[in-house]
Every structure is written in C-alpha cells, then in structure tokens.
Amino acid sequence: MMNHIVTGGFSSIEQATGKFGGKRSLTNNTGTAATSSFGEILQQKKSIEAAVDETQSTSLRFSKHAGERLTQRDIQLTSEQMMRLEEGTQRAGEKGIKESLVLLDNMAFIVNTQNKTVITAMCQNSGEENIYTNIDGAIVI
C-alpha cells in the first residue's frame, strides 16, 4: 500500500528538488531579469537609511500642542527664522541641554533637543507672563 503514495510525477528526490529548488528568474516591471545582488541591495538600503537619518537629524518637528499655539498666537516663521531655530536647537543640544528655551526675535520656543521637537511656542510681547518652567537651559539667537 505504501507504493501507491502520490509523488506528483517525480520518481526521485533529485527530480523534485531540481524542479522546486532550481533557480527562478526574478523579473522587474519591464519584464527584464533583475540582476541586483544581495550586496548591492544592502548597500542601496544603507544609503537610503543614511539619507533619511540625515534629514531627520537636521529637521525640526513641531508637536501638536506647538502647532496649535502657533495658530492661536498667529506666529509665522520665515525660512530664515526656521533655520535659526534649528541652529539654536542644535547648539543647545551640543551643550547638553535637554529642554531648552530658545529666544528668537520676539518669540520664545520650548524645544526638546533630543527629539528635535518644538513643544510650545509663544510671542514675548503677547501680554502673557514670561515665566518658563521645566527647562534646563536657554539660548538667545
């Protein structure tokens, strides 16, 4: 009874592995065979990750709260002010400041330098009290 096991038309393991274990040509969208080696793909992935890391390390993000404060207080940053804010955040981080007060023109920003995230924003001449808590350093730019 054992001799009646279905073999799928193969009489040996070699035939079966040759059929299923053989090399198959991968094709890309154009129908041509893909020839990238593992090393090339790995190198491409590393260069993409490096570019993303570079972008993330230089760009400053705004928390939801900070975005709301910018809108409520009608604070608009020019590209030059944004560059100065990023520079001030970077300098504060280099000095070991984790939660920094960044004073820029007539605006004040609380920035988490480790996450490169603006936590809140305020206008210094808005009539509000100019009391800043939970910071461990300040920078004027």
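The values are calculated or read from the model by the stated rules, or taken from the named source; none is laboratory data. Since we're looking at a predicted model, the values are computed, not measured. Every residue, glycine as well, gets a Cβ built from its backbone with ideal geometry; the counts of neighbours run over all protein chains shown.
Total residues in the range 54-75 satisfying the condition of being modelled with pLDDT under 90, in a loop (DSSP other than H, G, I, E, B) and either under 18 Å from residue 114 (Cβ atoms) or hydroxyl-bearing (Ser, Thr, Tyr) (or both): the figure is 1.
Candidates in the range 103-141 are the residues that are in contact (Cβ under 8 Å) with a residue 40 or more places away in the chain and among the hydroxyl-bearing types (Ser, Thr, Tyr); of these, the one that is farthest from residue 83 (Cα to Cα) is 126. Restricted to the range 80-113, and to residues there that are part of a loop (DSSP other than H, G, I, E, B) and more than 20 Å from the chain's Cα centre (by Cα), the residue that is nearest to residue 130 (Cα to Cα) is 106. Of the residues making up the range 123-137, those that are of a type in the set (A, V, I, L, M, F, W, C) and either part of a loop (DSSP other than H, G, I, E, B) or under 26 Å from the mean Cα position of the chain (by Cα) (or both) number 2.
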